[in-house]
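First comes the structure, then the notes that go with it.
Every number here is computed from the coordinates shown, using simple stated rules; none is lab data. The shown structure was predicted, so the numbers you read here are calculated from the model rather than taken from an experiment. Here the Cβ positions follow ideal geometry from the backbone for every residue, glycine too, while neighbour counts run over all protein chains shown.
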Amino acid sequence: MFHDPRFWTALAFVLFFVIFGRKLWIAITSHLDARATNVRNDLDEAARLRREAEQMLEDATREREKTLAETQAMLARSEAEAAGLAERARKDAEAAAARYEKMAQDRIHAAERSAIREIQDRATQIAVAAAREVVSTRLTESPDIASSLLDQSINSLPEALRRSAA
């Protein structure tokens, strides 16, 4: 047994671990503990970052929904305002059309009155000319009729003046 190299190898192995085992065990375990602490810290950091990312996602989602609601409200207000403007424009156009129609009717009535006055003036001129012609013919034919007409005209003058003043 003392001559067997396996015996000496096994003895050296056991003595090595008996002498240096405790120091190796402490070094290995401290290294593994440090490594475990680093891994735990990395996991804690990753969990914290994940919570922050989830919070940021919730905030962004909430902000997006808020912005979407505001946008929809703005669209609704804009549509209502556009409808109001369109209604006002329609009413203004109708009012303008009514004013133009009224102005056109007033012009037509004024033109009718003017035409009637012209016709009446012309008829009056024709009647006066015809009466002048008749009177001048009759007056030249008989002087008695002339003096009778002159007296009748002078007597009816105040009545004619009152009628024209009214």
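Share of pairwise Cα-Cα distances greater than 20 Å in region 58-166 is 75 percent (whole percent). Label separation (Glu54 vs Thr29): 3.6 nm, computed from points 7 Å beyond Cα along the C-beta direction. For the pair Phe13 and Ala97 in one chain, pulling the backbone fully straight at 0.36 nm per residue adds 18.6 nm over the alpha carbon distance.
Distance from the C-alpha centroid of region 9-46 to that of region 137-166: 153 Å, rounded to the whole angstrom. Here the spin labels are modelled as points 7 Å beyond Cα on the Cα-Cβ line, and at Ala146 and Glu70 they lie 10.6 nm apart.
Could you work out the Rg to Rh ratio of region 1-72, with Rh taken as the Kirkwood radius (inverse of the mean 1/r over all Cα pairs)? With Rg and the Kirkwood Rh in hand, the quotient comes to 1.65.
Rounded to the nearest 10 degrees, the inclination of helix 143-165 to the longest alpha-carbon principal axis of the chain is 30 degrees.
Straightening the chain between Ala131 and Leu43 buys 18.9 nm, computed as 0.36 nm per residue apart minus the Cα-Cα spacing.
Just to confirm the filter: which GluC sites (Glu not before Pro) across region 39-87 are DSSP coil and have at most 15 other Cβ within 10 angstrom of their Cβ?
Within region 39-87, no GluC sites (Glu not before Pro) qualify (loop, at most 15 other Cβ atoms within 10 Å).
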